[in-house]
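*Asks:* Okay, handing you the structure first.
The values are calculated or read from the model by the stated rules, or taken from the named source; none is laboratory data. Nothing here was measured: the structure is a model prediction, and the numbers come from that model. Don't worry about glycine lacking a Cβ; one is built from the backbone with ideal geometry, like all the others, and counts go over all protein chains shown. Quick note on the areas: whole protein, heavy atoms, side chains included, nothing else; ligands and nucleic acids left out. Shrake-Rupley method; radii C 1.70, N 1.55, O 1.52, S 1.80 Å.
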Amino acid sequence: GKSGSKVQSTPTKAGGDRYIPNRSTMQMDMANFLLTKENDPAEESPTKKEQQKAWAVNLNGFDIEEAKILRLSGKPQNAPEGYQNNLKVLYSQKMTPGSSRKNSRYIPSMPERILDAPEIRNDYYLNLIDWSSQNFLAVALDNSVYLWNHTSGEIIQLLQMEHPDDYVSSVSWIKEGNYLAVGTSNAEVQLWDIQQQKRLRNMTSHSSRVGSLSWNSYILSSGARTGHIHHHDVRVAEHHVATLSGHTQEVCGLKWSLDGRYLASGGNDNLVNIWPCTQGDSGDFAPVQTFTQHQGAVKAVAWCPWQSNVLATGGGTSDRHIRIWNVCSGACLSAVDAHSQVCSILWSTNYKEFISGHGFAQNQLVIWKYPTMAKVTELRGHTARVLNLTMSPDGATVASAAADETLRLWRCFEMDPIKKKEKEKANSAKSSIIHQGIR
């Protein structure tokens, strides 16, 4: 070998290359001393303790004595805020975001029920279905209105227009569910009593078809093809109490806010107007907000049930956007491209979500999370564009009417049974307080 390098030789003793413990050579006395010293109750000096604490804080980020999990007495203490246990990170059962399954509720992809809707008018600007608080679904089929009792399944033909060329262009239930307002192609607004199944009155003030209706207590608002909105006080003989002139084309979307403070109207002129419930100083109604961002007709207008000043609107074929507005500030809170004509929007009362109905090309319903605007799911089945959506009184089922002459009932907002009981309990407590107040 090279000079200076050590030459490896065979060990002189067998087994010299491995460690074989030899009890006689171990320092038993020293080991015993160290063990007894560790268990010795004698207190360490305060200086040494402080020093150890400082080391522990520097090394671990906290005092190890203060964070022992196994203790002989007292409750275990939590690790300090922000402390990250490396082993916990390594062996955590939580899956990575990519592999983890979303813990979301089950939404059936098929409708619970499909009903025939023969001769339903394939007209984007009309509002042909509405579901009452008494669980009756009103459906306008050409020149007739039918009521379907969701509880019993009974079907009643409420009315048929006298002239064969006339048709029903809108329906809307009063909040209590005992009266139905009906708008017609010959510019009438009719009021029907459901218990008696008879017409109470016929209100004529418009000069063209009435395609949209919305109630605010005893005030019924109607939107016509001329672009005018009329307020009718249904209690008095001179029913026509106000005219709102803010649209130049047909009013196809009309909704009062739940607190009755604002009326939102959408028109074929691509405008969204927000009207106050009271007249201005000059005695005229003027919109408090006008939104001009939509590039198509605005039929879908819906007020958020838990934020009274938030409104959702959807545009037609040339726009395809859903926009969320703060009607107080006039700000557009968010806008999402739905990639198809938006026909209707409904907010869920059971979840922080809303559902939209669409036309070309997929004729689907889409559930959106709010406020993230993330898609929850799409519900497909209609073979032609969705015309209208309405919701059951318990907020669990959505009915969609489409140009394929079917009504489909989607059980997409069913509540968790535990939450449902809590909600029912809260509602019964509210009603009992009201009754006590009346007594």
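*Asks:* Report the Cα centroid-to-centroid distance between segment 336-376 and segment 206-241 in angstrom, as an integer.
*Replies:* Segment 336-376 and segment 206-241 have Cα centres spaced 29 Å from each other.
*Asks:* Roughly speaking, what is the stretch gain from E378 to I155, that is 0.36 nm per residue apart minus the C-alpha to C-alpha distance, in nm to one decimal?
*Replies:* Extra length available between E378 and I155 comes to 77.3 nm.
*Asks:* Relative contact order for segment 114-412: what is it in percent, counting Cα pairs under 8 Å that are at least 6 residues apart?
*Replies:* RCO, segment 114-412: 12 percent.
*Asks:* How much accessible area per residue does segment 114-412 have, in Å², with a 1.4 Å probe?
*Replies:* In whole numbers, segment 114-412 has 39 Å² accessible per residue.
*Asks:* Taking one equal scatterer on every alpha-carbon of segment 193-237, how large is log10 of I(q)/I(0) by Debye at q = 0.28 1/Å?
*Replies:* The computed values of log10 I(q)/I(0) come out as -1.11.
*Asks:* Grab the eigenvalues of the alpha-carbon gyration tensor for segment 267-393, scale each by 5, take roots, and send me the semi-axes largest first in whole angstrom.
*Replies:* The answer is 26, 17, 13 Å, longest axis first.
*Asks:* Out of the total accessible area of segment 114-412 (probe 1.4 Å, heavy atoms of protein only), what percent is carbon and sulfur?
*Replies:* The nonpolar share, carbon plus sulfur, comes to 45 percent.
*Asks:* Quick one: plug the Kirkwood hydrodynamic radius of segment 114-412 (C-alpha pairs) into Stokes-Einstein at 20 °C, 1.002 mPa s, and report D in µm²/s.
*Replies:* After rounding, the answer is 114 µm²/s.
*Asks:* Compute the FRET efficiency between T292 and S428 as 1/(1 + (r/R0)^6), taking r as their Cβ-Cβ distance and R0 = 60 Å, and round to the nearest 0.05.
*Replies:* Calculated transfer efficiency: 0.85.
*Asks:* Please work out how much length the chain gains when fully extended from N32 to Q197, using 0.36 nm per residue of separation minus the C-alpha to C-alpha distance, in nm with one decimal.
*Replies:* Here the answer is 49.3 nm.
*Asks:* Of the cross-linked pairs K255/K421; K198/K420; K369/K425; K299/K425; K352/K421, which ones have a Cα-Cα span greater than 28 Å in the structure shown?
*Replies:* Among K255/K421; K198/K420; K369/K425; K299/K425; K352/K421, the Cα-Cα distance tops 28 Å for K255/K421; K198/K420; K299/K425.
*Asks:* In whole angstrom, and with the biggest value first, how far do the Cα coordinates of segment 152-198 range along each principal axis?
*Replies:* Cα extents, longest axis first: 32, 22, 16 Å.
*Asks:* Can you pull the accessible area of E405 for me, 1.4 Å probe, Å² to the nearest 10?
*Replies:* 80 Å²
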